[in-house]
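Any read-out appearing in this document is the output of simple, stated calculations on the displayed coordinates, not a laboratory observation. None of the values given here were measured: they were computed from a predicted structure. Glycine gets a Cβ as well: all are built from the backbone with ideal geometry, and neighbour counts include every protein chain shown.
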Amino acid sequence: MTAKSPAEDILALTGCAAFTILLYDHEQGVARRVYSSRPEAFSARGTKPLAGAPWANHVIRRKSPLISDGPAAIRAHFDDHAAILALGIQAIVNFPLLSGDACLGSLNCLYQRLPSHPDPALAKAVDGLGQAVVKTLETPPSDQGV
């Protein structure tokens, strides 16, 4: 039996078509994409402006998940909606990555269709994944191993 990668585990857990991880650079006013399960569609090195972005206001300031279900919601929340919709993405769930009171970034699940009856344990499981990401970010490089 082949071991799954963490990315495969997240895709299986969430049922999403793709996911990205953004870290927020408040000084520069951007969100930096540091991981993409589909780098051919969502570059792992891209940035998004934070100022005035409706999704950023919800996830960063309110520190709560944002569900954008359907093309109208995606258009309302994301400036790059045309590129997102062109890929067949019809729903996005952005989960904040929190460390204490600070929002360090987000785990973003992109769906071709949002599950009609999501697993009730999904938010808890994704929060656990987010906490693991935050712990990794907070661990000094010398302590992370190679």
Go through the stretch 5-79 and name the GluC sites (Glu not before Pro) that are in a DSSP coil and have 10 or fewer other Cβ atoms within 10 Å of their Cβ. Glu27, Glu40
Rounded to whole Hz, the Karplus (6.51, -1.76, 1.60) HN-Hα couplings of the stretch 93-100, x for glycine and proline: 10, 9, 9, x, 9, 9, 10, x
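Test of understanding: what is the full-extension gain from Arg62 to Lys135, defined as 0.36 nm times their sequence separation minus their Cα-Cα distance?
On the way: separation 73, 0.36 × 73 = 26.28 nm, distance 2.12 nm.
Length gained between Arg62 and Lys135: 24.2 nm.
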Once Ala12 and Asp101 are pulled to full extension, the length gained, defined as 0.36 nm per residue separation minus their Cα-Cα distance, is 29.1 nm
Any number yet on Rg/Rh for the stretch 6-131, C-alpha, Kirkwood? 0.92
Anisotropy class of the stretch 16-68 from Cα gyration tensor, a/c 1.5 cut: oblate
Taking the number of other C-beta atoms within 10 Å as the exposure measure, put Thr20, Thr47 in order starting with the fewest. Thr47, Thr20
